[in-house]
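Step one of this worksheet: look at the structure below.
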Amino acid sequence: MEERPETELISIPATPRASTPEILTPSGQRSPRAAAKEASLGTAKSWTPTSFISPRFLSPIGTPMKRVLINMKGYLEEVGHLTKLNPQDAWLPITESRNGNAHYAAFHNLNAGVGFQALVLPVAFSFLGWSWGIISLIIAYFWQLYTLWILVHLHEAVPGKRYNRYVELAQAAFGERLGVWLALFPTVYLSAGTATALILVGGETMKLFFQIVCGPLCSSNPLTTVEWYLVFTSLCIVLSQLPNLNSIAGLSLVGAVTAITYSTMVWVLSVSQQRPPSLSYQPISMPTLTASVFSVLNALGIIAFAFRGHNLVLEIQATMPSTFKKPAHVPMWRGAKVAYVFIAMCLFPVAIGGYWAYGNLMPSSGILNALFAFHSHDIPRGLLAMTFLLVVFNCLSSFQIYSMPVFDSFEAGYTSRTNRPCSIWVRSGFRVFYGFVSLFIGVALPFLSSLAGLLGGLTLPVTFAYPCFMWVLIKKPIKYSFNWYFNWILGWLGIAFSLAFSIGGIWSMVNSGLKLKFFKPN
């Protein structure tokens, strides 16, 4: 499909393939949807940069003026001042609306970056101890902040081209085929795996919330855990009918606010209560040196898993308008900086405060389960129920943003084959299908929510390694310069850590029984 420039004045050659002009939608996105109807009626007209100038105005210098304008437009396209877009993007959920801004970027990044994975950070500290736990968390935070900066600035690294999806940028850096192989699995695994884990976490939290609120008045036949999974999945499917990424900005705001609130409540409630007896801050000792090494690797994988969301950075930036004077990376980076300040305010207190409150007695399911186990009788029932309800709201919101790339892939396959946008029924069918497939996987493999270390290891390259390689391959810094060495070293360290953390996660799960399940169904 022929690419067309994104600009206020769009020139479409009068050829059979480009006979459908774009129109301006209320959201600011030029879309071929309504124009297709004009084309079918034979009323579509080609458009040139001078079509708004009357022949009377151009005469007697009309032809030279046209030639100057056309040559200027060709020059601007050649140097990349006009960004060319695939018109199919106007049919897909990620790029359907381009009226995003810095506020939306902050909401989306916060919703994607803070969640249930933060609540297992104190578990990592119980194996690493104070010093190495804090050092590892600080290094991981600034490392992923640097790679976030790289992704934001590579979005329009090539003049005249926007990389709207992580896989597209990987293809530009590593090649068409290799880029798909390297990036598709970890990004899909992050999106689909996180969505499945959110169903498990959300369903189990809803069950505990019901038990706390209902108390002794609960009926003798309460819903089972799987039935609560079904209830949570149904709510996710209803919310997933929102059409595109910009339309869920309100949900992302809810997810961000609830994540900040319950993270703060959890660590404040934990440190305000009396610490359990026989508390120790010595790292948990393992029987053999091999067991200790793999446990440490698994703990580092947990820290890596806490920093997620890089697989959504380019997609969030794709929802913003971009011009030569106002490129999209400016509001995107402004919103991302605000978001990651709040992310640090959530992750560091949860990790440090949780470890201070429970030490090596921290259960493998995380700080929220520790709060319930040690202080359920000391904390007012209403306050505890509110904390669990906030977790449910956050899971519902996070499900939407992590599922949006999968919805986009479904619809991209459909539109490329049919050359038309998805109808409401087709779009709804895709999302219902995805929701229930995630539910089925979660029921069949309920341990997915416990593999924090393994998930962190398998998806670590997306956050810590690939962006460094992409920067070198696309920006091409001077060979053997500090920038060149720095990014190559960081990239290969990320790959090495990915392999080590994955092995540590598998070993700990199989041999040590470290199943980091967020809540254990009754």
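The values are calculated or read from the model by the stated rules, or taken from the named source; none is laboratory data. Just so it is clear, the model here is predicted, and its values are computed rather than measured. Glycine also receives a Cβ, built like all others from the backbone with ideal geometry; neighbour counts cover every protein chain displayed. These area figures cover heavy atoms from the full protein model, side chains too; ligands, DNA and RNA do not enter into them. Shrake-Rupley method; radii C 1.70, N 1.55, O 1.52, S 1.80 Å.
Each 20 Å bin from zero holds the following percent of Cα-Cα pairs in region 98-512: 26, 58, 15, 0.
Of 161/476; 337/479; 161/325; 337/476; 161/326, which sit over 23 Å apart, Cα to Cα? Going by Cα-Cα distance, 337/479; 337/476 fall outside the 23 Å limit. Ranking 261, 233 from most to least accessible surface, computed with a 1.4 Å probe over the protein chains only, gives 261, 233. Between residue 436 and residue 496, what FRET efficiency comes out of the Förster formula 1/(1 + (r/R0)^6) with R0 = 41 Å and r the beta carbon distance, rounded to 0.05? Calculated transfer efficiency: 0.60. The magnitude of the dipole of region 90-185, with charges of +1 and -1 set on the Cβ of Lys/Arg and Asp/Glu and taken from the Cα centre, is near 80 debye. Rounded to whole numbers, the Karplus 3J(HN,Hα) couplings from phi for region 328-341 are 5, 5, 5, x, 5, 5, 4, x, 5, 4, 4, 4, 7, 5 Hz, using 6.51 cos²θ - 1.76 cosθ + 1.60 with θ = phi - 60°, and x at Gly and Pro. Per-residue extension of 0.36 nm, minus the Cα-Cα distance of residue 479 and residue 214, leaves a gain of 88.8 nm for this segment. Projecting label points 7 angstrom from Cα along Cα→Cβ for residue 420 and residue 292 puts them 6.8 nm apart. As a calculated quantity, the FRET efficiency between residue 135 and residue 325 at R0 = 60 Å, using C-beta atoms, amounts to about 0.90. A simple count of charges around residue 340, restricted to other residues whose Cβ falls under 14 Å of its Cβ and scoring Lys, Arg +1 and Asp, Glu -1, yields +3. Across region 410-422, rounded Karplus estimates of 3J(HN,Hα) from the backbone phi angles (6.51 cos²θ - 1.76 cosθ + 1.60, θ = phi - 60°) give 4, 6, 5, x, 5, 5, 5, 8, 9, 6, 7, x, 5 Hz, Gly and Pro being marked x. With the highest mean first, a sort of the peptides 133-139, 290-296 on other beta-carbon atoms found within 10 angstrom per residue produces 290-296, 133-139. Heavy-atom surface analysis with a 1.4 Å probe gives region 98-512 a carbon and sulfur content of 73 percent of its accessible area.
Can you pull the one-decimal nm distance between simple spin-label points at residue 280 and residue 177, each 7 Å off the Cα toward Cβ? Reported label-point gap for residue 280 and residue 177 is 5.6 nm.
Accessible surface ranking for 169, 439, 1.4 angstrom probe, highest first: 439, 169.
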